[in-house]
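To start, the structure under review is shown below, and the notes come after it.
The values are calculated or read from the model by the stated rules, or taken from the named source; none is laboratory data. No experiment lies behind these values; they were computed from the predicted model shown. Neighbour counts run over all protein chains shown; Cβ positions are idealised from the backbone, glycine included. The accessibility values were calculated without ligands, DNA or RNA, using every heavy atom of the protein model including side chains. Shrake-Rupley method; radii C 1.70, N 1.55, O 1.52, S 1.80 Å.
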Amino acid sequence: AAVRGVAAAVSVLDELTREVETDPASVGLILHGSRAAGTARDTSDFDLMRVVTDEVYPTHATLREKRTGVDGLATDVFYSSPRRLSELAERPDWQVGMLVTGRILVDRGPLAALVETTLRRAGERARERLDEHYDAYLNCFVRSLKAWRRGDELGGRMQAAESALYLVRLLFALESRWHPYHDQLAAPLTELEPLQGWSAGELSNVLLRLVRDADPADQQELELRVESLLESRGIEHQWGP
């Protein structure tokens, strides 16, 4: 499928693509960020992960390279390696988010299999922390309600916003998936909805209301939905009713 905006940036993106395709030290090229997630503006950079061999990676590990084409559009290149991807699978961090909505542009070897394995293992690690995410979500939910009862609007809103963060992690962990970056949530959320009994577009609206309004009644209704969902999967919390 055509990448939105590729035609406009053909010079710099094609140059880098050809370079990776012919470079013996390159394993492949992954498009991530807003261009891959479908949320880009016409002037957005092309965020790229260039996967190089383990042998040359140490010389690139701290390098982020920017290139700008004649049209003014830029590529922002982040480097990785097969070993680094394998490490990421066992000890996932923020870099996994690049792969969640990423798209492979060049694969000169086992890159697709490496990315698949990294995402699968990162999802398993997320599932292992499901109880932690559930507890954090409930804690923020309760703190938000207590703040509202005290008349502390700022505290109520801040705790509600924090609960949204843990709720996102919880819902993706429930499906053994790593959560995407928050500015790339829209499409991945629609993939969760049929699996978890939400109607089409409901999760985006629920989260938007949670961070925008933080209404205590809405929060209570949402918590009951979440609790029911987890109970249907055999997962109960220790907080009591």
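Would you confirm whether or not the range 78-92 contains a residue that is under 30 Å from R41 (Cβ atoms), of a type in the set (G, A, S) and surrounded by fewer than 18 Cβ atoms within 10 Å (Cβ to Cβ)?
no
Quick check: anything in the range 198-218 touching a Gly at 6+ places or on another chain (Cβ under 8 Å), open to solvent by 20 Å² or more (accessible area, probe 1.4 Å) and among the aliphatic types (A, V, I, L, M)?
Checked against the condition, which is being touching a Gly at 6+ places or on another chain (Cβ under 8 Å), open to solvent by 20 Å² or more (accessible area, probe 1.4 Å) and among the aliphatic types (A, V, I, L, M), the range 198-218 yields no hits at all.
Assess whether V142 counts as being open to solvent by less than 50 Å² (accessible area, probe 1.4 Å) and in a strand (DSSP E or B).
no
Give A122, A136 a once-over and let me know the one that is farther than 30 Å from D54 by Cβ, open to solvent by less than 40 Å² (accessible area, probe 1.4 Å) and outside any strand (DSSP E or B).
Of A122, A136, the one residue that is farther than 30 Å from D54 by Cβ, open to solvent by less than 40 Å² (accessible area, probe 1.4 Å) and outside any strand (DSSP E or B) is A136.
So is R64 modelled with pLDDT of 85 or more, open to solvent by 30 Å² or more (accessible area, probe 1.4 Å) and over 21 Å from R177 (Cα atoms) or not?
When the stated conditions are applied, R64 does not pass them.
Go through the range 96-112 and give me each residue that's out of contact with any helix residue (DSSP H, G or I) (no Cβ under 6 Å at 6 or more places or on another chain) and open to solvent by less than 60 Å² (accessible area, probe 1.4 Å).
G97, M98, V100, G109, L111, A112
State yes or no: is S86 among the hydroxyl-bearing types (S, T, Y) and at pLDDT 85 or above?
yes
Does L192 satisfy the criteria of being closer than 22 Å to E236 by Cα, open to solvent by less than 40 Å² (accessible area, probe 1.4 Å) and hydrophobic (A, V, I, L, M, F, W, C)?
Spelling it out, L192 is indeed closer than 22 Å to E236 by Cα, open to solvent by less than 40 Å² (accessible area, probe 1.4 Å) and hydrophobic (A, V, I, L, M, F, W, C).
If you take the residues in the range 226-238 that are surrounded by 12 or more Cβ atoms within 10 Å (Cβ to Cβ) and in contact with a helix residue (DSSP H, G or I) (Cβ under 8 Å, 6 or more places away or on another chain), which one is farthest from G155 (Cα to Cα)?
Out of the qualifying residues, it is I235.
If you go through the range 167-177 one residue at a time, do you hit one that is over 19 Å from R127 (Cβ atoms) and surrounded by 15 or more Cβ atoms within 10 Å (Cβ to Cβ)?
Within the range 167-177, none of the residues are over 19 Å from R127 (Cβ atoms) and surrounded by 15 or more Cβ atoms within 10 Å (Cβ to Cβ).
Being open to solvent by 10 Å² or more (accessible area, probe 1.4 Å), hydrophobic (A, V, I, L, M, F, W, C), within 23 Å of E19 (Cα to Cα) and part of a loop (DSSP other than H, G, I, E, B) narrows it down to one residue among V115, V70; which is it?
V70
For every residue, the table says whether it meets (1) touching a residue at least 24 places away in the same chain (Cβ under 8 Å); (2) at positive phi.
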site	(1), (2)
R127	yes, no
G151	no, yes
A161	yes, no
P180	yes, no
L185	no, no
P194	no, no
A200	no, no
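Do you know which residues across the range 175-220 are among the hydrophobic types (A, V, I, L, M, F, W, C) and in contact with a His (Cβ under 9 Å, 6 or more places away or on another chain)?
L185
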